[in-house]
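Only one structure is covered here, and it is reproduced in the block below.
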Amino acid sequence: MTELTRRGALAATAAATLSPLAGTIPAKAAAPLSGQQAPGFYRFKVGSYECTVLLDGVRPVKLDNSPIRNANLDEVKSVLTASHLPTDQLRFYFHPMVVNTGAKLVLIDSGNGPGSRQTGTGRLPDNLTAAGIDPKTIDVVIISHFHGDHISGLRTADGALAFANAEIMVPAKEWAFWSDEGAASRAPQGQQATFQNTKRIFGPIADKISKYEWGKELVPGITARDTNGHTPGHTSFLIASGSGSVMYQADVTAGYAPLQFHNPSWLVGGDMDGNQAVETRRKLYDQLAADKMMVSGYHIPFPSLGYIEKAGTGYRFIPASWNPVL
Ligand SMILES: [Zn+2]
């Protein structure tokens, strides 16, 4: 057996250089580097439904402070090290999803919007195009909650509706909270941007928005599930067709999702009701682990699809393997 060593590799290169064929193939040493990653979308089937995970972008954030409210930077870095991830920055992923039920084309969540492009996000329109999906053909947009990274993509740079022909469905509880002027006046500084953004996105179309209740089937095969805690109306979606199913968990783990898989009691800035967020997380993940149900999440690294297992006092995410069969 040949030993793979640097010396062996150098010897092989030298032998190739001396080969009688050397000089007959044009040299390509000056080929430019691409500098571009592949488009960000991934398809999979759930029964007869075709689902497409779409990357809205990846935002790198320098890790100067702990992104976890109740853990220090060293604790966070030790989890990253154990996961073979860089410890000088976090990469935040954002994933809306399109579900083609055969009768309806449904978009779940809408990305960071055009105002965020310089931070590496707002790429949903590009990846819809790459996936061959025309925004005008979207029939329904279902929103999980009102944080800006989930609703700002509903409007284009000139303020028009990005999905001009779509019915927009939002959680009734989320609507009640973020459109309450009294709640806005009492809210801490950190929530003010969400109140203002809610007004900007939904204000002019308030009477056209459909408000849904938990437990209801919003579109055949897509059912709203109460996963509040991250926000008062935070919702996940069970997508089911035939014997297939996947849970779109939105932000049950938020921010850099793998940190909260590892330690479910860790809280990110956006987890509004910390105790409820942790209770929701454990309840959902215990069920997904027991049922061996596939899960996709807004902030789970691309292509945001896999399974959850119990591990120690927390959970482990097992990515689904890339499947060429649809
Ligand atoms: Zn989010």
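The values are calculated or read from the model by the stated rules, or taken from the named source; none is laboratory data. Quantities reported herein were computed from a predicted structural model and do not represent experimental measurements. Positions of Cβ are generated from backbone atoms using ideal geometry, with glycine treated the same way; all protein chains shown enter the neighbour counts. These area figures cover heavy atoms from the full protein model, side chains too; ligands, DNA and RNA do not enter into them. Shrake-Rupley method; radii C 1.70, N 1.55, O 1.52, S 1.80 Å.
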Task: Boolean, Gln260 is of a type in the set (S, T, N, Q), in a helix (DSSP H, G or I) and away from the ligand (no atom under 16 Å from the Cβ) - done: no
TODO: Just give me the residues in the range 295-305 being open to solvent by less than 30 Å² (accessible area, probe 1.4 Å) and of a type outside the set (Val, Ile, Thr), in sequence order.
DONE: Ser296, Gly297, Tyr298, His299, Ser304, Leu305
Open item on the list: Take the residues in the range 279-293 that are open to solvent by less than 30 Å² (accessible area, probe 1.4 Å) and hydrophobic (A, V, I, L, M, F, W, C); name whichever of them is farthest from Leu63 (Cα to Cα).
Closed with: Met293
- [ ] Give Pro60, Pro39 a once-over and let me know the one that is surrounded by fewer than 21 Cβ atoms within 10 Å (Cβ to Cβ) and either assigned to a strand (DSSP E or B) or touching a strand residue (DSSP E or B) at 6+ places or on another chain (Cβ under 7 Å) (or both).
- [x] Pro60
- [ ] Considering only residues that are free of Cβ contacts under 8 Å to residues at least 24 places away in the same chain and part of a strand (DSSP E or B), look in the range 312-326 and name the one that is least open to solvent (accessible area, probe 1.4 Å).
- [x] Ile318
Task: Subset of the range 150-180 that is open to solvent by 30 Å² or more (accessible area, probe 1.4 Å) and touching a strand residue (DSSP E or B) at 6+ places or on another chain (Cβ under 6 Å) - its residue that is farthest from the ligand (Cβ to nearest atom) - done: Glu167
Open item on the list: For the range 250-271, check the following and say yes or no: at least one residue is in contact with a Gly (Cβ under 8 Å, 6 or more places away or on another chain), open to solvent by 10 Å² or more (accessible area, probe 1.4 Å) and charged (D, E, K, R).
Closed with: no
Open item on the list: Scan the range 189-196 and tell me whether some residue there is within 15 Å of the ligand (Cβ to nearest atom) and open to solvent by 50 Å² or more (accessible area, probe 1.4 Å).
Closed with: yes
Open item on the list: For the range 280-300, which positions are out of contact with any Asp or Glu (no Cβ under 8 Å at 6 or more places or on another chain) and part of a loop (DSSP other than H, G, I, E, B)?
Closed with: Lys292, Met293, Ile300
TODO: Give me the pairs, please: first residue somewhere in the range 267-287 and within 16 Å of the ligand (Cβ to nearest atom), second residue anywhere and assigned to a helix (DSSP H, G or I), beta-carbon distance under 6 Å, and either six or more positions apart or on two chains.
DONE: Leu267/Gly274; Asp271/Ala277
Task: Residue list for the range 67-126, restricted to those being crowded, with 22+ Cβ neighbours inside 10 Å, among the polar types (S, T, N, Q) and touching a helix residue (DSSP H, G or I) at 6+ places or on another chain (Cβ under 6 Å) - done: Ser110, Asn112
TODO: Give the range 96-116 a look and list any residue that's more than 14 Å from the ligand (Cβ to nearest atom) and touching a residue at least 40 places away in the same chain (Cβ under 8 Å), or say none.
DONE: Val98, Val99, Asn100, Thr101, Gly102, Ala103, Lys104, Val106, Leu107, Pro114, Gly115
Open item on the list: Which numbered condition in (1) within 16 Å of the ligand (Cβ to nearest atom); (2) surrounded by fewer than 23 Cβ atoms within 10 Å (Cβ to Cβ); (3) β-branched (Val, Ile, Thr) is the only one that Thr231 fails?
Closed with: (2)
Open item on the list: So, in the range 206-222, exactly how many residues are open to solvent by less than 40 Å² (accessible area, probe 1.4 Å) and either more than 26 Å from Ser48 (Cα to Cα) or of a type outside the set (A, V, I, L, M) (or both)?
Closed with: 5
Task: Cβ-Cβ under 9 Å pairs, at least 6 apart or on other chains, the range 134-155 side without any contact (Cβ under 8 Å) to a residue 24 or more places away in the chain, far side not in a loop (DSSP other than H, G, I, E, B) - done: Asp134/Leu128
Task: Pair list, Cβ < 7 Å and 6+ apart or interchain, from the range 171-187 residues that are over 25 Å from Ile222 (Cα atoms) to residues that are surrounded by 13 or more Cβ atoms within 10 Å (Cβ to Cβ) and at pLDDT 90 or above - done: Ser179/Thr198; Ala183/Phe177; Ala184/Phe195; Ala187/Phe195
- [ ] Return the residue satisfying two criteria in turn: it lies in the range 240-257 and is under 15 Å from the mean Cα position of the chain (by Cα) and not in a loop (DSSP other than H, G, I, E, B), and of such residues it is nearest to the ligand (Cβ to nearest atom).
- [x] Ala257
